[in-house]
1. So the check is Cβ under 9 Å with 6+ separation or different chains; which pairs have a first residue in the stretch 169-196 that's closer than 17 Å to residue 159 by Cα and a second one that's in a loop (DSSP other than H, G, I, E, B) and at pLDDT below 90?
2. Being in a helix (DSSP H, G or I), in contact with a helix residue (DSSP H, G or I) (Cβ under 8 Å, 6 or more places away or on another chain) and at pLDDT 90 or above narrows it down to one residue among 194, 216, 230; which is it?
3. Taking residue 9 as the residue in question, decide whether it is outside any loop (DSSP other than H, G, I, E, B) and at pLDDT below 80.
4. Within the stretch 236-266, restricting attention to residues that are part of a loop (DSSP other than H, G, I, E, B) and either modelled with pLDDT of 75 or more or not assigned by TED's automatic domain parsing to the domain that holds residue 182 (or both), which residue is surrounded by the fewest Cβ atoms within 10 Å (Cβ to Cβ)?
5. Of the residues 210, 143, 135, which single one is closer than 30 Å to residue 63 by Cα and out of contact with any helix residue (DSSP H, G or I) (no Cβ under 9 Å at 6 or more places or on another chain)?
6. Condition first: more than 18 Å from residue 303 (Cβ to Cβ) and free of Cβ contacts under 8 Å to residues at least 40 places away in the same chain. Can you find one or more residues in the stretch 223-240 that meet it?
7. Can we say residue 230 is in the same structural domain as residue 307 (by TED's automatic domain parsing) and more than 28 Å from residue 199 (Cβ to Cβ)?
8. Identify the single condition in (1) within 19 Å of residue 311 (Cα to Cα); (2) out of contact with any helix residue (DSSP H, G or I) (no Cβ under 6 Å at 6 or more places or on another chain); (3) surrounded by 15 or more Cβ atoms within 10 Å (Cβ to Cβ) that residue 164 does not satisfy, given that it satisfies every other one.
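The values are calculated or read from the model by the stated rules, or taken from the named source; none is laboratory data. Keep in mind that this is a model prediction, so the values were computed, not measured. Don't worry about glycine lacking a Cβ; one is built from the backbone with ideal geometry, like all the others, and counts go over all protein chains shown.
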């Protein structure tokens with residue numbers, strides 16, 4: 001089972017258990033549905049998303065409740081629900097509270113669907129908002145206590161994992177092309193894509209949290225790092241496929257010139273140059289290898305310079 005899924009399930013289950021216990025213990029919470037619904041809306045794998053959901057949930061509950069309270073005094077039934085939604089949805093969007101749309105819709109339908117809804121008053125709206133707040137607080141507390149996220153540590157770990165995988169592949173290809181080892185197994189692009197997307201997701205969350213977090217990203221040059229990994233990913237996969245095709249089509253496991261170029265330390269700034277008769281390469285293969293491997297090598301050089309700059313920052 002996926003570790004993140006298991007942790008998220010435990011968070012949600014424990015939050016629901018605590019919320020039910022609170023609702024059972026305190027007679028003040030008349031409808032356990034509201035805090036439980038708040039828990040399911042708020043709990044999230046990302047702590048920051050939980051905070052956004054919490055704000056959206058409480059604002060949606062209050063707005064939906066107030067609009068419904070006003071509308072129910074002049075109309076009822078599904079017409080009342082329709083009019084309430086026609087007012088609530090544009091209002092939330094206008095105020096920039098789009099995160100609360102789903103909860104506002106649910107609250108509107110529930111408020112006008114309760115028994116004796118004509119008795120809906122300010123006290124009912126206020127009490128349901130407090131019930132919702134209980135669920136929100138429980139979800140946030142559990143999220144903070146159980147497996148809290150450390151995004152910057154995870155970002156560094158993803159970067160190091162990509163770095164280790166990249167250089168292991170380069171070394172393996174270098175040795176194989178020089179006849180010193182067997183050709184490595186084909187790479188799994190999905191793993192590389194998943195890691196790059198995870199890095200992008202973490203950086204996007206950090207950027208959404210305000211100037212202080214953006215400044216931290218800039219200080220550690222993470223935006224440059226992500227941009228370089230995006231370029232590197234494309235070039236890396238192209239080189240992998242070209243070398244794989246070289247082994248498959250030509251039956252050539254050795255191409256010393258290419259192997260030495262890949263394994264050179266420090267890396268050469270010169271363009272890769274292959275001879276036409278090297279491993280029986282066709283003109284198209286030779287041009288493709290020279291072009292893509294040269295660009296790949298330059299990206300590796302750029303990455304080394306960036307790593308040195310990040311180490312000094």
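1. Short answer, once both residue conditions are applied: 169/184; 169/187.
2. Answer to the check: 230.
3. no
4. Looking at the filtered set, the residue picked out is 265.
5. 210
6. no
7. Here the answer is no, as residue 230 does not meet what is asked.
8. So residue 164 meets the others, but not (3).
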